[in-house]
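The values are calculated or read from the model by the stated rules, or taken from the named source; none is laboratory data. Predicted, not measured: the structure shown is a model, and the values here were computed from it. Just the protein is used for accessible areas: all its heavy atoms, side chains included, with ligands, DNA and RNA removed. Shrake-Rupley method; radii C 1.70, N 1.55, O 1.52, S 1.80 Å.
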Amino acid sequence: MRLGKDAMEALKTEVGGLLKPGDELVVAGAVALKGTSLIAENKYDLLREVFSGSFLGDAMALRRNYGVGEIPKESVPWRMAGEAGANVRFAMGEGGFLSALWKVAEASQTGLRADLRKVPVRQETIEICEVLDINPYYLLSEGSVLIGIPSGEALVEEFLRMGIPAAVIGHANEENDRLLYSRENVRYLDRPAEDEIKGVMELWQD
């Protein structure tokens with residue numbers, strides 16, 4: 001079901017740019033760093049039953065050590081993407097990578113193909129999410145930037161040279177379908193789900 005006129009205008013304002021068919025989708029900065037750090041800090045005792053103290057210490061420091069800046073719109077990836085001619089730059093936040101992807105595609109009214117295996121994710125995030133049975137792609141991702149740009153490989157190479165995890169993870173097209181690939185599995189991109197951090201927060205009450 002399409003968004004209403006007012007909702008669509010609000011979404012376009014939030015996104016602040018439009019994908020064009022053929023644009024490559026680039027993720028700059030590992031996703032879910034903030035969510036992982038918060039979970040490691042607030043569920044330390046629970047997670048300590050599975051992980052070492054040093055592992056959890058690293059997890060708590062992910063955003064500080066590997067983030068691309070406290071204010072995404074002042075970050076290096078944001079500036080570089082603009083200078084490279086990006087059509088869209090979207091600062092990820094609540095709802096994580098998949099929420100950002102849906103918002104950008106919906107505001108632009110484009111289809112897309114995206115490979116989840118290419119999205120930059122830290123190993124600490126993967127392991128903690130596996131233990132808690134949560135989806136890292138729906139987890140708080142402040143600091144990461146989703147970029148739509150005609151040719152993304154050169155920009156990704158620049159990011160990598162600067163030590164910023166980045167990858168071309170897919171492309172926009174003129175079709176209606178928005179498809180996510182993960183090995184042999186293919187599924188449709190759904191409307192944003194509730195951020196996984198909210199479910200974990202219920203555990204913080206114990």
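Sum -39500 (n - 2.57) across every DSSP H segment of at least 4 residues in the chain, then divide by the residue count to get the 222 nm mean residue ellipticity, nearest 500.
Working: 10 runs with 86 residues, N = 206.
So the helix-based figure for the chain works out to -11500 deg cm²/dmol.
Relative to the compact-globule scaling 2.2 N^0.38 Å, provide the ratio for the alpha-carbon radius of gyration of the range 54-135. Walk me through the intermediate numbers first.
Numbers: Rg = 14.9 Å, N = 82, 2.2 N^0.38 = 11.7 Å.
Dividing the Cα radius of gyration by 2.2 N^0.38 Å gives 1.27.
Averaged per residue, what accessible surface does the range 72-206 expose to a 1.4 Å probe, in Å²?
Values: 6400 Å² over 135 residues.
Per residue, the range 72-206 has 47 Å² of solvent-accessible surface.
Taking every pair of alpha-carbon atoms in the range 128-195, what share in percent sits in each 5 Å bin, from 0 to the bin with the longest distance?
It works out to 3, 11, 16, 22, 23, 16, 8, 1, in whole percents.
Assuming a ≥ b ≥ c are the square roots of the Cα gyration tensor eigenvalues, decide whether the chain counts as rounded (a/c under 1.5), prolate (otherwise, with a/b larger than b/c) or oblate.
On the way: a/c = 1.85, a/b = 1.46, b/c = 1.27.
Prolate shape, in that a/c is at least 1.5 and a/b is the bigger ratio.
Going Cα to Cα from Lys43, which lysines come in below 27 Å? Please leave out same-chain ones fewer than 8 positions away.
Within the straight-line cut-off, Lys43 pairs with Lys34, Lys198.
Counting only residues 5 or more places away or on other chains, whose amide H sits under 5 Å from the amide H of Gly143 once H atoms are built in the peptide plane?
Under 5 Å from the amide H of Gly143: Met92.
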